[in-house]
Amino acid sequence: MESILCEDSPRQMLATLRTRLLVMFAHAGIALDESGKALSQDDAARALAVQEGDAVIDELENEIDELCLRVMARLQPVAGDLRFVVAALRMVVDLERIGDEAASIAERVLLLHELPIKEEDMRRLREMFAQARAAFAQAADAFREEDAEAARSLRAAEDDAMQAEVALLQALMPMPGEDGRVSGDPRAAIHAMLIVRSLTRVWRRSANIAEQVYFMRHGASLKHELVR
Amino acid sequence: MSITMKARDVSVFYGDHKALHNVNLSFESGKVTALIGPSGCGKSTFLRCLNRMNDLVPGARVEGVIELDGENINAPATNVASLRRRVGMVFQKPNPFPKSIFENVAYGLRVNGMKDENAIAERVETALTRAALFNEVKDRLHSSAMGLSGGQQQRLCIARALAVEPEVLLMDEPASALDPIATRHVEESVMELKSGLTIVIVTHSMQQAARISDETAFFYMGKLIEHGETDVIFTRPAQKQTEDYITGRFG
């Protein structure tokens, strides 16, 4: 049904901003899912598609930035509307970087394509991918439902991500065995470790997004609460 | 900060109609307080209580206590002319007298018995300077005030109110009839003035309230819904009604 609101009415502009953010969340989520499948299935075609799709996320960032500027200039929002626009400006940066990390994982998949990777290492990567993906899904759900408590429950995600990263990097590090020989291909290990770095960033940026959802609802910073 | 004016449990009746319900609000020296709310919410009614302008409205009755530096302004012994010298007012539309610029500002001084022309000239210049108008009119002080632009006329009215050195300045939508440039001039003069003065301003412009006030009070249906620092009211108001009004979701 055609909207009865004129395109540039204040409510319509804010509704459009929210819709475009949800679209960007969806694109970033799909990019992550596809990069994960490309990794698990060693699927080069899928990895290439993820890299090409990153341009759409970049365009959405520009579009939402522009929309935020128009909302600020034309509506001069206050209170909850103002917090929403400020949070949107911050969240698009995190979403765009999450898209970049998905593209970066895809690039590593292409570079790993010809290299042998131990099944145990691949299992560990899949586990960490699932955790980072779950954190992103939780942040996206918190934004969609405007659920500050769900956002708050992600406040430990930064620490979780750091701990997982350290544990996985130690596990992936090629170490000489008792016979003095290093098992596995060191090149594959380096690509796997760079994937771990990307997943850590996805996880931490999901925590950033959750902080913005909390700020939108309460006008307070979870980050500062943690510092205290 | 010292409290200059304090309203305690103030209600206003027009005949049987209760237009204002038990308002408690204090105004600090050196601060600008904006009164906001939809038309008919009681903010102008409340403003007029602060210098007893409601005395002029037939059937109006004020209950409660309004203190100016600890004295009840509604006490029978209050000299209303003296009160209005201490609590000046600037209205929505500029209302200069059909006199020269100089005489408009000097008027209150002469009414109050000042005769020394040198002292009057000094006070006129000071008031025009504080109202950010002196530089624009210093070469034509004895020309008619009616030849000034709308924004200049409004600043002249501010200067006229300032000349008698009030402690409190009440402003009832002082920029609503002005263009954006004149509005900016008036707003700048308000911000310059607040040092040493208590300013209470009624405005329908949320942006204006956000720009120039230190404190904001939101009125709705004759009640004071929320009062607090402007930074807080315009970023995270406590009451949903306040949020709905300032974000335009009312009605």
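The values are calculated or read from the model by the stated rules, or taken from the named source; none is laboratory data. Here the structure is a predicted model, which is why all the values come from computation and not from measurement. Here Cβ is always computed from backbone atoms with ideal geometry, including for glycine, and neighbour counts include all displayed protein chains. Only protein heavy atoms, including side chains, enter the accessible area calculation; ligands, DNA and RNA are left aside. Shrake-Rupley method; radii C 1.70, N 1.55, O 1.52, S 1.80 Å.
Observations on the model:
- When segment B:20-43 is filtered for residues that are out of contact with any Phe, Trp or Tyr (no Cβ under 7 Å at 6 or more places or on another chain) and in a strand (DSSP E or B), the ones remaining, listed by number, are B:H21, B:N22, B:N24, B:L25, B:S26, B:F27, B:E28, B:V32, B:A34.
- Scan segment B:122-152 for residues that are within 25 Å of B:I199 (Cα to Cα) and open to solvent by 30 Å² or more (accessible area, probe 1.4 Å) and the total you get is 12.
- Residue among B:N112, B:N51, B:N118 that alone is closer than 30 Å to B:L224 by Cβ and not aromatic (F, W, Y): B:N51
- Residue within segment B:193-201 that is within 21 Å of B:G40 (Cβ to Cβ), within 13 Å of chain A (Cβ to nearest Cβ) and modelled with pLDDT of 95 or more present: no
- All of (1) in a loop (DSSP other than H, G, I, E, B); (2) crowded, with 17+ Cβ neighbours inside 10 Å; (3) within 14 Å of chain A (Cβ to nearest Cβ) hold for B:P174 with one exception: (3).
- Pair list, Cβ under 6 Å, 6 or more apart: segment A:105-133 residue crowded, with 19+ Cβ neighbours inside 10 Å, other residue among the hydroxyl-bearing types (S, T, Y) and modelled with pLDDT of 95 or more: A:I105/A:S35; A:I105/A:S198; A:A106/A:S35
- Pairs with Cβ under 6 Å, 6+ apart, first in segment B:204-222 and away from chain A (no Cβ under 13 Å), second assigned to a helix (DSSP H, G or I) and open to solvent by 40 Å² or more (accessible area, probe 1.4 Å): B:I212/B:M191; B:Y220/B:Q241
- Test result for B:I201, crowded, with 19+ Cβ neighbours inside 10 Å and not in a helix (DSSP H, G or I): yes
- Boolean, B:F234 is of a type in the set (A, V, I, L, M, F, W, C) and open to solvent by less than 30 Å² (accessible area, probe 1.4 Å): yes
- The residues in segment B:223-241 that are farther than 12 Å from B:P38 by Cβ and either of a type in the set (A, V, I, L, M) or facing chain A (nearest Cβ under 8 Å) (or both) can be counted, and the count is 8.
- Those residues of segment A:78-95 which are within 12 Å of chain B (Cβ to nearest Cβ) and touching a residue at least 60 places away in the same chain (Cβ under 8 Å), in sequence order: A:G80, A:D81, A:R83, A:F84, A:V85, A:V86
- In segment A:58-77, the residues that are more than 14 Å from chain B (Cβ to nearest Cβ) and in contact with a helix residue (DSSP H, G or I) (Cβ under 8 Å, 6 or more places away or on another chain): A:D58, A:L60, A:E61, A:E63, A:I64, A:D65, A:L67, A:C68, A:R70
- Any hit, segment B:49-60, residues being touching a helix residue (DSSP H, G or I) at 6+ places or on another chain (Cβ under 6 Å), on the phi > 0 side of the Ramachandran plot and surrounded by 21 or more Cβ atoms within 10 Å (Cβ to Cβ): no
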